[in-house]
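Read through the structure below, which is laid out as structure tokens, and then see the notes.
A short reminder: the numbers here are calculations on the coordinates, not readings from a lab. Keep in mind that what you see is a predicted model, and the values were worked out from it rather than measured. Virtual Cβ from ideal backbone geometry, glycine too; neighbours counted across all protein chains shown.
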Amino acid sequence: MKTIQLRGHHDPFPVGKIFCLGRNYAEHAREMQAEIPQTPVVFLKPGTAVIHDGETIIIPGISREAHHEVELVVAIGKPGKHIRRNAAYDHVLGYGIGLDMTLRDVQNEAKKRGLPWSVAKGFDTSAPVSDIIPADRVGNPHALTISCTVNGTLRQRSSTGRMLLQIDEIIEYISSIFTMEAGDLIFTGTPEGVGEVKHGDVVEAELLGFARISHPVRNE
């Protein structure tokens, strides 16, 4: 079972479900030529998708176009079902930076055929994530800067304040459908600037002032 580290604590904790938000930044929806959703777009990655700082992102042979998507990650520390917005942050263990790696050609083909995105989004190494910073050290999670560089060139940089759905709304919605458990992660959506990565590239993601991850990319 994959684990993740809470900074300042000795023992890692197991990763549970990985919930991901689609189109949660307006400019990203526009760059993908997609409508801004009226209801949250939620998909899942398996825990086996997780890798840690320095590990390699491996592009499966079924794809010729892999993209980076930098995202604020929320770690759940307290289980719950039908969690109200005013109690949502009581369930948050902390925050990290992550990459929702996407096989864009595979995803586009699935969209055309009305099929799920599971292969495009959930392949092994598709969820690089940093250590988790305890929530009380972060402060306001909607006043953070996230960024992504490829080979040292800035591709994405935005404020988490530009999310369409804030974290309490996301937790309320997800927990109305799924029981949330300690160790679950929420990838909260990506801003504009997503782009391709290729064999030999190095992708870095940063939660400014708190966490950074770096990953080489190679073809399978």
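Things to note:
- Taking a point 7 Å out from the Cα of residue 198 in the direction of its Cβ, the residues of segment 134-156 whose backbone N falls within less than 18 Å of it are 149-155.
- Contact order, relative form, for the chain: 33 percent (alpha carbon pairs under 8 Å, 6 or more residues apart, mean separation divided by residue count).
- Cleavage-rule hits, GluC sites (Glu not before Pro), segment 1-88, DSSP coil, Cβ neighbours within 10 Å at most 16: 35, 55, 65
- Per residue, the chain reaches -4000 deg cm²/dmol at 222 nm when only DSSP H runs of four or more residues are counted, each adding -39500 (n - 2.57).
- For the chain, convex hull of alpha carbons as volume per residue, Å³: 113 Å³
- Among the chymotrypsin sites (Phe, Trp or Tyr not before Pro) in segment 31-131, none is located in a DSSP loop while being surrounded by at most 12 other Cβ atoms within 10 Å of its own Cβ.
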